[in-house]
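Asks: Here you go, one structure.
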Amino acid sequence: MDLVPVELYYEEFGQGVPVILLHGFPLNHTIWMPVVERLQSHVRVITPDLRGHGKSPATDGDYSMRLMAEDIHALMNRLDIPKAVLVGHSMAGYASLAFARAYPGRLAGLAMVASQAEADTPEKRQARYITAEEVGRKGVRRVAKSMLPKLTPRKELAADLLEIMLKTPKKGVVGALKGMGERPDALEWLTEIEVPVVVIAGEQDVIIPLERARTMAQMLRRGWLVEIPEAAHMPMLEAPQTVADAIRQLVDLAEV
Ligand code: MLT
């Protein structure tokens, strides 16, 4: 497998323990701003755009989770960060698990936000390939519109989220869909993670069932669960204070 990293676009705030906030599919770093505002006077916050999203390069081909992990690793090298706390939202949680497996010595702590360790079912994988093909032909509008109500029931967040999704390049959406579809099951990997891990889940999430979060928290050696009743798939926007508090607790335990 060819793992050639790209130079990710990123923004940076504050000083202290490096905390890298990674957005999900098909979004960009701006979703983290309410959490950045609450963290930046305590830690060094870095918010990249993943490959094919936001202002980062959109390459051809499938974006495997391992490849996305390579991009994050390259960013840490570029910023001279030996160890970081990774906060992975949904797809970025999948990429963070790939990072934890490839570079355990570079991980100080992990937050899995609205994410899971399980691979796709064959039906889900198939559906992703069909969607990828459709995006390739018709563009991102349909997938963005169908995803919007699943992200959050909060109407006041809809316009911004739609705008972000519509800005994601076609290549990025297709590459990420295929990459997510081919990701391996990472449940067993959880037992190998030695650093503290907080699992943050919105009780109203219709994309990732709450059960998946509970399973992760049980399998992790040093894991704990933060369930947020008022959140769905976007806890960083729906309950930013709770998310920021959970990340600060993780940073206190992190092994930097
Ligand atoms: C995400 O929010 O990153 C994706 O919807 C996750 C997924 O489709 O599995």
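Every number here is computed from the coordinates shown, using simple stated rules; none is lab data. What you see is a predicted model, and the numbers here were worked out from it, not measured in a lab. Neighbour counts run over all protein chains shown; Cβ positions are idealised from the backbone, glycine included.
Asks: Starting with the highest mean, order 223-235, 20-32 by the number of other Cβ atoms within 10 Å, averaged over the residues of each peptide.
Replies: Values: 223-235: 19.7, 20-32: 24.5.
Averaged packing, sorted descending, gives the order 20-32, 223-235.
Asks: A follow-up question, please. Can you list the residues, at least 5 places off or on another chain, whose amide H is less than 5 Å from the amide H of GLU194, using H built in the peptide plane?
Replies: Those qualifying (amide H under 5 Å, at least 5 residues apart or on another chain) number zero.
Asks: Starting at the first residue of the stretch 48-54, write each ³J(HN,Hα) from the Karplus equation 6.51 cos²θ - 1.76 cosθ + 1.60 with θ = phi - 60°, in whole Hz, x for Gly and Pro.
Replies: After applying 6.51 cos²θ - 1.76 cosθ + 1.60, I find x, 9, 5, 3, x, 10, x Hz.
Asks: Can you give me the C-alpha center-to-center distance between the stretch 35-108 and the stretch 201-239, rounded to a whole angstrom?
Replies: About 20 Å separates the Cα centre of the stretch 35-108 from the one of the stretch 201-239.
Asks: Explain nothing, just compute: Karplus ³J(HN,Hα) = 6.51 cos²θ - 1.76 cosθ + 1.60, θ = phi - 60°, for every residue of the stretch 243-256 in order, whole Hz, x for Gly and Pro.
Replies: Using θ = phi - 60°, the values come out as 5, 4, 5, 5, 5, 5, 5, 4, 4, 4, 9, 5, 9, 8 Hz.
Asks: What's the ranking of 86-96, 125-135 by average number of surrounding C-beta atoms within 10 Å, highest first? Could the numbers behind the result be given before it?
Replies: Numbers: 86-96: 28.0, 125-135: 16.2.
Order by mean packing, descending: 86-96, 125-135.
Asks: Still on this structure, please answer the following. Hey, can you grab everything whose amide H is under 5 Å from the amide H of ILE228? Only 5+ residues off in sequence or another chain; H modelled, so Pro and N-termini drop out.
Replies: The list, which skips near neighbours in sequence, is ALA201, GLY202, GLU203.
Asks: While we're here: In Å, what Rg and Dmax follow from the Cα atoms of the stretch 77-159?
Replies: When restricted to the Cα atoms of the stretch 77-159, Rg and Dmax are 16.5, 43 Å.
Asks: Which of SER115, SER146, SER64 comes first, and how do the rest follow, when ranked by fewest Cβ neighbours within 10 Å? Mind dumping the intermediate values first?
Replies: Details: SER115 27, SER146 10, SER64 23.
The order, fewest Cβ neighbours first, is SER146, SER64, SER115.
Asks: Kindly write out, for the stretch 158-172 in residue order, the coupling ³J(HN,Hα) from the Karplus curve 6.51 cos²θ - 1.76 cosθ + 1.60 (θ = phi - 60°), rounded to whole Hz, with x marking Gly and Pro.
Replies: Per-residue couplings from phi come out as 4, 4, 5, 5, 4, 4, 4, 5, 5, 7, 6, x, 3, 4, x Hz.
Asks: Can you pull the semi-axes for the chain, root of five times each eigenvalue of the Cα gyration tensor, sorted largest first, whole Å? Kindly include the intermediate steps, with their values, before the conclusion.
Replies: Details: eigenvalues 120, 80, 70 Å².
Those come to 25, 20, 19 Å.
Asks: OK, next. Report the antiparallel proportion of the DSSP beta bridges in the chain as a percent, rounded to a multiple of 5. Write down the numbers at each step before the final one.
Replies: Values: 4 of 27 bridges.
Here the share of antiparallel DSSP bridges comes out near 15 percent.
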